[in-house]
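Accompanying notes for the structure given below.
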Amino acid sequence: MKKFKIIIISLIAILFFTACGKNKNSNEEDLAEKNKVEESEKEKVNEPEIKLLIARENLGESSEKFPLAEILGDLTLDDYERIFMGVSFNNKDTQKTEDKAGDLMIYSHGRIVKLSKEKVDGIYKNEEIRKENSKLIESKDNLRDKVLGLLLSNQVQNIETMKNPGDYQIYYTHLVKDFFEDGKLIFLAIVTNENYSYKNGIFNDESGYTVPMELRYVLDHDKNFVFDEKIEAMDGAGYGPSIEKMARGDDDISGKLMFSDRRKEHYDRLMEELFYKAQESGLKDFTHKLEEIPGYEKDVVYIENGPNHYPGTIEIAKKKDYEEAKKKVGTENWPHCDGILYHEKTGIAVKWTVDYFE
């Protein structure tokens, strides 16, 4: 009987450890499968949402006349939506065009669009490339410059080392020219940075700069263009010569870069950037109707013209402050009063100095 009990106990022990072993193996298999799924998800997340392809010069390494190279950088689906906002997608067929150096294509979710450089009858005719005929995508804006502007703005922001005051940091890049040089992709652009604070429904421009820049991209071992260096126009006496060097002796390009402080011309784009930045940051109720701007609901003066007036905006001052400053015209060097610059398209109000009096 004693021997029988020992046999039974031994069998139970064997069954127990066998079950544990199986359970352990099962857990290890489940864990391995879970890791595979997680790695797969990571790959999906890390896969670029947007790809930019440019037809480049053949450096003798390919049979293609103008091989395509990806420009690596940060573009998101939000950027993609902004690029094509207000664009007319239709089913009108258009003849496929052959690639030439500098042609830019944007790819996302199986759709590839070649972006036009030139206006035809006031319209940019972009080409959605398909297996057979291409489809026409018409836009009033230069989508090519818009895409590259966002790419370069994101790049400059990523390498920015200066910490400027202001909770809402925005960048706008106006592309002047892009070209190839010794296998490199060169961008000449005017980059504007503005940094805003926000209080009681009104933004305040705390700091910023506008600088002509040369941004260089080089081919990596996979034949993709990657960012290499940023060259800024020099300060002081070196400003003019440094811009002439950027322009490679082209007087027209040099002039566009030289007189780069055109905030008035680009204010629409700056406010658009601020609008998206505020939304992205989760800011609420930061846009207003004209008559509902906090502190400027009544007894105010609206100014819609003047030598330095920004198109698409309305300057607002409290009537009392405006009249007091107006009395000083002709007796003081710079009569002015505090006010608001209201951007009609976005509904954004920014602190402003009013110095034009009718």
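Here are the numbers for this structure:
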item	result
Distance in nm between pseudo-label sites at HIS221 and ASN58 (7 Å out along the Cβ direction from Cα)	2.6
Normalised convex hull volume, the range 206-341, alpha-carbon set, Å³ per residue	193
Percentage, to the nearest whole number, of Cα pairs in the chain over 39 Å apart	36
Residue order, fewest to most surrounding Cβ atoms within 10 angstrom, among ASP235, ASP93	ASP235, ASP93
Burial ordering of GLU265, GLU358, GLU272, fewest other beta-carbon atoms within 10 Å first	GLU358, GLU265, GLU272
For the range 134-271: relative contact order, % (alpha-carbon pairs under 8 angstrom, 6 or more apart)	17
Using alpha carbons only: equivalent-ellipsoid semi-axes of the range 51-142, gyration tensor based, whole Å	22, 17, 13
For peptides 116-129, 133-146, sequence by mean Cβ density within 10 Å, most packed first	133-146, 116-129
Residue-wise HN-Hα coupling along the range 168-176, computed from phi with Karplus coefficients 6.51, -1.76, 1.60 (Hz; x: Gly, Pro)	10, 9, 10, 10, 10, 10, 9, 6, 9
MRE, 222 nm, helices only [DSSP H, n ≥ 4, -39500 (n - 2.57), over the chain, to nearest 500]	-10500 deg cm²/dmol
Mean separation of Cα contacts under 8 Å (6+ apart) over length of the range 290-354, as relative contact order %	30
Calculated from backbone phi, Karplus (6.51, -1.76, 1.60) coupling profile of the range 129-135 in Hz, x at Gly/Pro	7, 10, 4, 9, 6, 7, 10
Computed lengthening from TYR356 to ARG269, 0.36 nm per intervening residue step minus Cα-Cα distance	28.9 nm
Spin-label proximity, MET85 to the range 140-162 - amide N less than 17 Å from point 7 Å beyond Cα toward beta carbon	140-151, 153-154
Normalised contact order of the chain, rounded percent, pairs of Cα under 8 Å and 6 or more residues apart	10
Calculated from backbone phi, Karplus (6.51, -1.76, 1.60) coupling profile of the range 232-238 in Hz, x at Gly/Pro	9, 4, 6, 7, x, 5, x
Exposure proxy ranking, count of Cβ atoms within 10 Å, fewest first, for MET258, MET213	MET258, MET213
Spacing of the two label points (7 Å from each Cα toward its C-beta) at LYS51 and PHE179, in nm	3.0
Of LYS51/LYS131; LYS277/LYS351; LYS140/LYS230; LYS230/LYS351; LYS100/LYS245, pairs whose Cα-Cα distance is over 23 Å	LYS140/LYS230; LYS230/LYS351; LYS100/LYS245
Gained length - ASP141 relative to GLU280, 0.36 nm times residue gap less alpha-carbon distance	47.7 nm
Cα→Cβ-extended label distance, 7 Å offset, between SER197 and ASN133, nm	5.9
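Throughout, read-outs are computed from the coordinates displayed, never taken from laboratory work. Because the structure is a prediction, the values reported are computed rather than measured. Virtual Cβ from ideal backbone geometry, glycine too; neighbours counted across all protein chains shown.
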